[in-house]
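> Take a look at this one; I'll ask things after.
Any read-out appearing in this document is the output of simple, stated calculations on the displayed coordinates, not a laboratory observation. Note that this is a predicted model, so its numbers are computed, not measured. Glycine gets a Cβ as well: all are built from the backbone with ideal geometry, and neighbour counts include every protein chain shown.
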There are 2 protein chains.
Amino acid sequence: MTSCGSRVALIGVGNMGSAIADRLVASGLELTLWNRSASRIAPYARRGIHTATAVVQAIGAADVVVVCLLDDEATRDCLLNDAVGAVLSEKLLVQLSSVTAAQSQALARWVNSHDCGYVDGQIQDYPDTLRDARASIVCSGSNEAYRRAEPVLSATGSRLIHVGEQPGNAATLVNAQLSFCILAYVGALQGLALCQRAKVSPTTFVETLLLDYVRKGAFVEDLEKMMRDANGEQHPDSPGAALEVWQSAFQLVIGECQSARLEVSHLDAIDVLFGRAIGGGYGKADIAALIKSLTT
Amino acid sequence: MTSCGSRVALIGVGNMGSAIADRLVASGLELTLWNRSASRIAPYARRGIHTATAVVQAIGAADVVVVCLLDDEATRDCLLNDAVGAVLSEKLLVQLSSVTAAQSQALARWVNSHDCGYVDGQIQDYPDTLRDARASIVCSGSNEAYRRAEPVLSATGSRLIHVGEQPGNAATLVNAQLSFCILAYVGALQGLALCQRAKVSPTTFVETLLLDYVRKGAFVEDLEKMMRDANGEQHPDSPGAALEVWQSAFQLVIGECQSARLEVSHLDAIDVLFGRAIGGGYGKADIAALIKSLTT
């Protein structure tokens, strides 16, 4: 019995793959699982779910092949061989493994050369968030390929965001998002470390200052202003502080961290970026001008 | 005429100081302005606002001295001399200049040694935000000193947050907040630079992914989890990803940036922090364990 007319192979049942497997099983799709290490799929086999002992067997039994492996290297190890290429014709491959845009595009070319459709679906959340049907999957690929992938990806309970026909765009966007998150988290941890050293309550920092600031006002306005700058739009009415004022503030942060005996090498590297943009004549410009130091 | 029984001197009428001056003038407080360069206060003098030609004169005429200079160096240049010390007795000094916690504490000691109260009030926002009465001022200092400062700071229309009696705590918290903001902004700009290079819409990145993610879900949960970790609380039910999974994701971001020919030196410096925490045995721990690399 299938709920959307597709037979689905799931290649990879690791931390994220098992969350996807659980959602697809619950959706009633006709599913075949394959994993390099058989121990991860044995519990599914005992519940009567189809499992395959070879990746070609799993793919051969499917219309839509969902790949959720560790990375691009694991994907190429498992898929990029003549035996798999020979059974891909007229199927659709959905790459959910974390990859770069270039890796996604290279896979798309190989997949397309075997007469198979391709969708890049990058999961923006944790496995547990996906299990709770609260995850987002950012997708790119031709409209036709996305239309075929949509019922299967929807069966995971995720929010789907189709961001364009160019394979790799989903990877670009999710890696851009990760770039923001990880730097923000390092900044937050640095702030928490400052509080610990000064015996200031971490709760006061996060609840009273940081989250309050994140949820409203200048933080969101600054991010929107950066977006408009990147779009080449004018916004003559924007307030805010000049890049050289931001650098003064940042150097105060570095001084605070040094006084507290915290690691500052990564902050020094960012201070170099401020110096380069200001040296390039952007001192009176908005903080968005810091992008000049990143792109040159 | 005074609205709260205090005569106020404002020392420094620069970008932020003039926003404060405008709010205090509007509140009807008895105000005396001083600025190193007289051109900044001449327009106020023409409107009948008291201005002083010497900093001692301004302080001598006041009960509450609000200082809003460029930094600690400017503060020490203007205030730390015997003439000022001689007129401070029984007054209250409110330091609004951007400083580090150690600088604030050193100023507090000097001010207190002249029988004068001290409050550290760090402004969390831009001058225009303060002008619009939407700014927050994070304050620290003894309860008695804060009680005396409150009517004057309230007259600026700002939201006041008193974070403890220890002078310097306000500076610690605002610099902790800046650490978060600046790293988050660099991360966002890096993401926008990736989008530009890949010809992906900056609006899709900021509106559809980034701001949506910031406003809800895993981002806020992660920050709250880091706070609980810094508080030494247990949270056995927390989902999320292990630090080594975050490093894999971050190395993908670095690869994406390298493919797009973006600057990655600051990212490499952060990758060293991941490596150090994982090398220290925290690979299976939460991302909050990255604080170990910052504090050692």
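> Assess whether residue B:171 counts as being touching a residue at least 40 places away in the same chain (Cβ under 8 Å), of a type in the set (Gly, Ala, Ser) and surrounded by fewer than 24 Cβ atoms within 10 Å (Cβ to Cβ).
In short, no.
> Further question on the same structure: Please go through the stretch A:224-267 and give me each residue that is among the acidic types (Asp, Glu), more than 20 Å from residue B:292 (Cβ to Cβ) and facing chain B (nearest Cβ under 9 Å), ordered by number.
So in the stretch A:224-267, the residues among the acidic types (Asp, Glu) come out as A:224, A:229, A:233, A:237, A:244, A:256, A:263.
In the following step, the residues that additionally are more than 20 Å from residue B:292 (Cβ to Cβ) were identified as A:224, A:229, A:233, A:237, A:244.
Of everything in the stretch A:224-267, those that are among the acidic types (Asp, Glu), more than 20 Å from residue B:292 (Cβ to Cβ) and facing chain B (nearest Cβ under 9 Å) turn out to be A:224, A:229.
> For the stretch A:268-296, what are the residues that are in a helix (DSSP H, G or I), away from every other protein chain (no Cβ under 11 Å) and not small (Gly, Ala, Ser)? If you could, list the steps in order and put the result at the bottom.
Looking only at the stretch A:268-296, we keep the residues that are in a helix (DSSP H, G or I), and these are A:268-282, A:287-295.
Narrowing the set further to residues that are away from every other protein chain (no Cβ under 11 Å) leaves A:275, A:278-282.
Result: A:278, A:282.
> Filter the stretch B:169-206 down to the residues that are outside any helix (DSSP H, G or I) and more than 7 Å from every other protein chain (Cβ to nearest Cβ) and list them by number. I'd like the intermediate steps shown before the answer.
Step one: of the stretch B:169-206, the residues outside any helix (DSSP H, G or I) are B:199-201.
B:199, B:201 - these are the residues of the stretch B:169-206 that are outside any helix (DSSP H, G or I) and more than 7 Å from every other protein chain (Cβ to nearest Cβ).
> Turning to a different aspect of this structure: Is the stretch A:134-156 home to any residue that is buried (at least 20 other Cβ atoms within 10 Å of the Cβ) and free of Cβ contacts under 8 Å to residues at least 12 places away in the same chain?
no
> In this structure, is residue A:154 in contact with a Leu (Cβ under 8 Å, 6 or more places away or on another chain) and among the polar types (S, T, N, Q)? Walk me through it before giving the result.
Working: in contact with a Leu (Cβ under 8 Å, 6 or more places away or on another chain): yes; among the polar types (S, T, N, Q): yes.
Here the answer is yes, as residue A:154 does meet what is asked.
> So which residues in the stretch A:219-233 are part of a loop (DSSP other than H, G, I, E, B) and surrounded by 21 or more Cβ atoms within 10 Å (Cβ to Cβ)?
Going through the stretch A:219-233, the residues part of a loop (DSSP other than H, G, I, E, B) turn out to be A:231-233.
Result: no residue meets the conditions.
> For the stretch A:45-60, state whether one or more residues are free of Cβ contacts under 8 Å to residues at least 60 places away in the same chain and within 25 Å of the chain's Cα centre (by Cα). Before the answer, list the steps.
First, pick out the residues of the stretch A:45-60 that are free of Cβ contacts under 8 Å to residues at least 60 places away in the same chain: A:45-60.
Next, from what is left, pick out any that are within 25 Å of the chain's Cα centre (by Cα): none.
No, the stretch A:45-60 contains no residue that is free of Cβ contacts under 8 Å to residues at least 60 places away in the same chain and within 25 Å of the chain's Cα centre (by Cα).
> Among the residues of the stretch A:255-269, which ones are touching a Ser or Thr at 6+ places or on another chain (Cβ under 9 Å) and touching a residue at least 12 places away in the same chain (Cβ under 8 Å)?
Answer for the stretch A:255-269, where residues must be touching a Ser or Thr at 6+ places or on another chain (Cβ under 9 Å) and touching a residue at least 12 places away in the same chain (Cβ under 8 Å): A:256, A:257, A:260, A:261, A:262, A:267.
> Right, another one. How many of the residues making up the stretch B:237-290 are among the aliphatic types (A, V, I, L, M), surrounded by fewer than 18 Cβ atoms within 10 Å (Cβ to Cβ) and out of contact with any helix residue (DSSP H, G or I) (no Cβ under 6 Å at 6 or more places or on another chain)?
2
> Could you please find all residues in the stretch B:153-164 being under 19 Å from residue B:132 (Cβ atoms) and in contact with a Cys (Cβ under 9 Å, 6 or more places away or on another chain)? Steps first, answer last, please.
Quick first cut of the stretch B:153-164, residues under 19 Å from residue B:132 (Cβ atoms) only: B:153-161.
Of everything in the stretch B:153-164, those that are under 19 Å from residue B:132 (Cβ atoms) and in contact with a Cys (Cβ under 9 Å, 6 or more places away or on another chain) turn out to be B:153, B:154, B:155, B:160, B:161.
> When the residues of the stretch A:79-102 are filtered to those that are assigned to a helix (DSSP H, G or I) and among the aliphatic types (A, V, I, L, M), which remaining residue is nearest to residue A:137 (Cα to Cα)? Let's see the steps before the verdict.
Going residue by residue through the stretch A:79-102, those that are assigned to a helix (DSSP H, G or I) are A:79, A:82-87, A:101-102.
Within this subset, residues satisfying the condition of being among the aliphatic types (A, V, I, L, M) are A:79, A:83-84, A:86-87, A:101-102.
Working: A:79: 22, A:83: 29, A:84: 26, A:86: 29, A:87: 27, A:101: 15, A:102: 19 Å.
Going through the qualifying residues, I end up with A:101.
> Name the single residue, out of those in the stretch A:113-150 being closer than 11 Å to residue A:92 by Cβ and part of a helix (DSSP H, G or I), that is nearest to the other protein chains (Cβ to nearest Cβ).
Ranking the candidates gives A:146 first.
> Return yes when residue B:119 is touching a helix residue (DSSP H, G or I) at 6+ places or on another chain (Cβ under 8 Å) and either in contact (Cβ under 8 Å) with a residue 24 or more places away in the chain or surrounded by 24 or more Cβ atoms within 10 Å (Cβ to Cβ) (or both) and no when it is not.
Numbers: touching a helix residue (DSSP H, G or I) at 6+ places or on another chain (Cβ under 8 Å): yes; either in contact (Cβ under 8 Å) with a residue 24 or more places away in the chain or surrounded by 24 or more Cβ atoms within 10 Å (Cβ to Cβ) (or both): yes.
So residue B:119 fits the description; yes.
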